[in-house]
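First the structure, in the form of structure tokens, and then the observations on it.
Throughout, read-outs are computed from the coordinates displayed, never taken from laboratory work. Everything quoted here is computed from the prediction, not taken from an experiment. Don't worry about glycine lacking a Cβ; one is built from the backbone with ideal geometry, like all the others, and counts go over all protein chains shown.
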Amino acid sequence: MTDNRFRLISWNIAGKVAVNRKQFEALEGRKPDIVALQEVRVNALNNFRELFSEIGLSFIVETATLAKEKGRRIGELIASRWPLQPIPGTDNETPFPERVLSSIMQSPWGDIELHTVHIVPGHGNGWKKIEMFEGVYRRLAYQSDIPRILCGDFNSPQQETTDGQLVTWGEKLEKNGEISGGEGRWAVGERSVLKGLAEYDLPDIFRLLNGYQIQEYSWFMRFKGRIAAKRRFDHIFASKSLNAVECQYLGEVVEQKLSDHAAIEAVFEPDERV
């Protein structure tokens, strides 16, 4: 924390363990106050507990243990400079509960709700992806008395246009610039979180600050040494009272082969008491 601001970094670390220290060093240099990680294996937990404590992020909540209990490999982790109190992240109808982690952070500005998610890809999971989107929307679609942050890897959208249109994986951008297929459940499910939560004071911070003229990407697929596909899958949504002043992607972690995802970083300058 510097003066009246705090820095949050969200990053899908691709389930890696052997490079946890290098991943930490990439984060350490940014001087974060909160780190939200996706795709955390249970055997990486002790690594991150020890490493984050070195920079004062000694409060940690995680769902990697829950993932192991359910016979799955990866969960989420939040490390904070301030105390964290776990709260329910999903309801019983939402699949992959270990991929949604929620807590209340007792910050110098008052309580702030933190939510980090990793929505499963549609390939191999089918409608479970949309059921996760629907579950996240059910959980957060209300006017909250305290400010909130939602961040993570959403495996969506498929595309964005410079005039502000969003194309989900249930839609198609036609040659004439029109979007088709938006009435189906798949498109509605993805859009409910990516756009719909703005109605409940959870706008997309990157787009709020940077507009749509800037095309940035956070996930990269390589084929034969070249980038074959790139998407903006990783997002931060936050209450306006937290006053986000910066939001950017940290692409160097991909160049360093620490993950196939860039980290996303936001800086907030909240009111004295939010």
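Computed values, structure above
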read-out: Whole-Å semi-axes of the ellipsoid equivalent to the stretch 82-207 (Cα gyration tensor, √5λ, descending); value: 28, 17, 11
read-out: GNM result for the chain, Cα springs below 10 Å: residue of Asn92, Asn12, Asn176 fluctuating most strongly; value: Asn176
read-out: Over the stretch 4-51: Kirkwood hydrodynamic radius from C-alpha pairwise inverse distances, Å; value: 11.2 Å
read-out: Qualifying trypsin sites (Lys or Arg not before Pro) for the stretch 1-47 [loop in DSSP, other Cβ within 10 Å: at most 15]; value: Arg30
read-out: Aspartates and glutamates with Cα under 18 Å of Lys172, excluding same-chain neighbours fewer than 8 positions away; value: Glu160, Asp163, Glu183, Glu190
read-out: Kirkwood Rh, angstrom, the stretch 151-249 [1 / mean 1/r, Cα pairs]; value: 14.5 Å
read-out: Spatially proximal lysines relative to Lys175 (Cα-Cα < 23 Å; intrachain offsets below 8 disregarded); value: Lys230
read-out: Under Karplus coefficients 6.51, -1.76 and 1.60, residue-wise ³J(HN,Hα) of the stretch 83-89 in Hz, glycine/proline x; value: x, 10, 10, x, 9, x, x
read-out: Inverse of mean 1/r across different Cα pairs in the stretch 15-132, Kirkwood, Å; value: 14.8 Å
read-out: Loop-resident sites, the stretch 93-128, for GluC sites (Glu not before Pro), counting at most 11 other Cβ within 10 Å (DSSP); value: Glu93
read-out: Descending semi-axes in Å of the stretch 220-262, equivalent ellipsoid built from Cα gyration tensor; value: 28, 11, 7
read-out: Chain lengthening between Lys230 and Glu174 when straightened (0.36 nm per residue, less Cα-Cα); value: 18.2 nm
read-out: Coarse-grained scattering of the stretch 6-268 at q = 0.11, 0.12, 0.13 Å⁻¹, given as base-10 log I(q)/I(0) from a Debye sum over alpha-carbon atoms; value: -0.56, -0.67, -0.80
read-out: Nearby lysines by direct alpha-carbon distance to Lys68 (threshold 22 angstrom, same-chain neighbours under 8 apart not counted); value: Lys16, Lys128, Lys129
